[in-house]
Amino acid sequence: ILNVEQSPQSLHVQEGDSTNFTCSFPSSNFYALHWYRWETAKSPEALFVMTLNGDEKKKGRISATLNTKEGYSYLYIKGSQPEDSATYLCAFYSGNTPLVFGKGTRLSVIA
Amino acid sequence: NAGVTQTPKFRILKIGQSMTLQCTQDMNHNYMYWYRQDPGMGLKLIYYSVGAGITDKGEVPNGYNVSRSTTEDFPLRLELAAPSQTSVYFCASSYFPGTDTQYFGPGTRLTVL
């Protein structure tokens, strides 16, 4: 069973703070790493799909990096805003089974 | 493009009742998935399909059945509802299995009493 770990489980930051969280995944049989943003009472929305070691993706104030050799990805949010409050999910694809999701990091941004 | 649609949005069932959750996508995606959201546990895969006529079990298939007679539709059936099936159910689809974004439907909130 593939294990995808996300840390921290939850995070509270002040508006304007920058923050980051981690997704750890198996370093063998890597095909892709996904990040999704999931607001309460809504459905998950894709942020990034990353496939290459060293990949960096950016969307507005949110960016992500990928290290497939050591099995981790970081998601960064610069200058957090209340609307960034959500659960951030990562998901790992090994090529053999469907996506395996982590349990998520719940971010709360306090105004 | 409507994307992925799910019906109903909400449903309350009594123990032992049956129901079908509907899922339709209009993106011509080969791959479709059913997940359930358990508090603090993220998303658990129930069943998935790689194309019309082909389905396979995910992590938590017990108590559920699926069929895929067309590319567009992937219904999920609960035969004998149990309180443990109280959850929010999400359907998703993608063109490729893991290197392509998964698009999620709005979810069905099911309560079994």
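The values are calculated or read from the model by the stated rules, or taken from the named source; none is laboratory data. On a predicted model such as this, the values are computed, not experimentally measured, just so you know. Because the Cβ atoms are built from the backbone with ideal geometry, glycine has one as well, and the counts that use them run over all protein chains shown. These area figures cover heavy atoms from the full protein model, side chains too; ligands, DNA and RNA do not enter into them. Shrake-Rupley method; radii C 1.70, N 1.55, O 1.52, S 1.80 Å.
Using Cα-Cα distances under 8 Å and only pairs 6 or more residues apart, what relative contact order does chain A have, in percent? Display every interim value, and only then the final one.
Details: 277 pairs, mean separation 41.6, N = 111.
After rounding, I find 37 percent.
Among residues other than B:CYS91 whose Cβ falls under 15 Å from its Cβ, what is the net charge (Lys/Arg +1, Asp/Glu -1)? Kindly include the intermediate steps, with their values, before the conclusion.
Details: positive: A:LYS42, B:LYS9, B:ARG11, B:ARG36, B:LYS44, B:ARG68, B:ARG77, B:ARG109; negative: A:GLU45, B:ASP26, B:GLU72, B:ASP73.
Once all neighbours under 15 Å are counted, the net charge is +4.
Roughly how big is the range A:1-67's charge dipole about its Cα centre, with Cβ charges of +1 (Lys, Arg) and -1 (Asp, Glu), in debye to the nearest 20? Display every interim value, and only then the final one.
Working: 6 positive and 7 negative charges, 36 e Å.
Its charge dipole is roughly 180 debye.
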Once phi for every residue in the range A:27-33 is put through the Karplus expression 6.51 cos²θ - 1.76 cosθ + 1.60 (θ = phi - 60°), the whole-Hz ³J(HN,Hα) values, with Gly and Pro written as x, are 8, 9, 6, 7, 10, 7, 10
What is the percent carbon and sulfur in the accessible area of chain B, measuring with a 1.4 Å probe over the protein chains and ignoring ligands? 52 percent
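Find, among the trypsin sites (Lys or Arg not before Pro) in the range B:52-105, those assigned to loop by DSSP (not H, G, I, E, B) with at most 13 other beta-carbon atoms within 10 angstrom. Intermediate results must be reported in sequence, preceding the final value.
Values: sites: B:LYS57, B:ARG68, B:ARG77; in loops: B:ARG68.
Listed in order of number, the matching sites amount to none.
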Probe 1.4 Å, protein heavy atoms only: A and B together bury a total accessible area in Å², to the nearest 100, of 1500 Å²
A correct Karplus calculation of ³J(HN,Hα) over the range A:47-63, with 6.51 cos²θ - 1.76 cosθ + 1.60, θ = phi - 60°, whole Hz and x for Gly and Pro, returns 9, 9, 10, 10, 10, 10, 4, x, 4, 10, 10, 9, 9, x, 8, 9, 9
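Would you mind working out the magnitude of the charge dipole of the protein assembly as shown relative to its Cα centre, with +1 at each Lys and Arg C-beta and -1 at each Asp and Glu C-beta, to the nearest 20 Debye?
Values: 19 positive and 18 negative charges, 77 e Å.
Its charge dipole is roughly 360 debye.
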Taking protein heavy atoms only, a 1.4 Å probe, and rounding to whole percent, the accessible area of the range A:65-111 owed to carbon and sulfur comes out at 48 percent
Between A:ALA86 and residues 5 or more places away or on another chain, the pairs with built amide H atoms under 5 Å apart involve A:LEU107
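Can you tally the net charge around B:HIS29? Count Lys and Arg as +1, Asp and Glu as -1, for every other residue whose Cβ sits under 14 Å from the Cβ of B:HIS29. List each step's numbers first, then the result.
Values: positive: B:ARG68; negative: B:ASP26, B:GLU72, B:ASP73, B:ASP100.
Counting the neighbours of B:HIS29, the net charge comes to -3.
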Per residue of B:45-54, other chain Cβ atoms within 10 Å number on average 1
Can you give me the long-range amide H partners of A:LYS103? Hydrogens built in the peptide plane at 1.01 Å from N, cutoff under 5 Å, separation of 5 or more residues or another chain. A:GLN6
Going residue by residue through the range B:61-77, the Karplus relation 6.51 cos²θ - 1.76 cosθ + 1.60 with θ = phi - 60° gives ³J(HN,Hα) values, rounded to whole Hz and with x marking Gly or Pro, of x, 5, x, 10, 9, 9, 8, 9, 8, 10, 5, 7, 10, 8, x, 10, 10
About the Cα centre, charge dipole magnitude for the range A:40-81 (Lys/Arg +1, Asp/Glu -1 at Cβ), debye: 200 debye
Pair A:ARG61, B:GLN22: separation of 7 Å Cα→Cβ label points (nm): 4.0 nm
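Any idea of the accessible area per residue across chain B, 1.4 Å probe, to the nearest Å²?
Details: 5360 Å² over 113 residues.
Value for chain B: 47 Å² per residue.
Mind checking A:49-59 for the average number of partner chain beta-carbons within 10 Å of each residue's beta-carbon?
Numbers: counts 7, 1, 2, 0, 0, 0, 0, 0, 0, 0, 0.
Mean shielding by partner chains, rounded to a whole number: 1.
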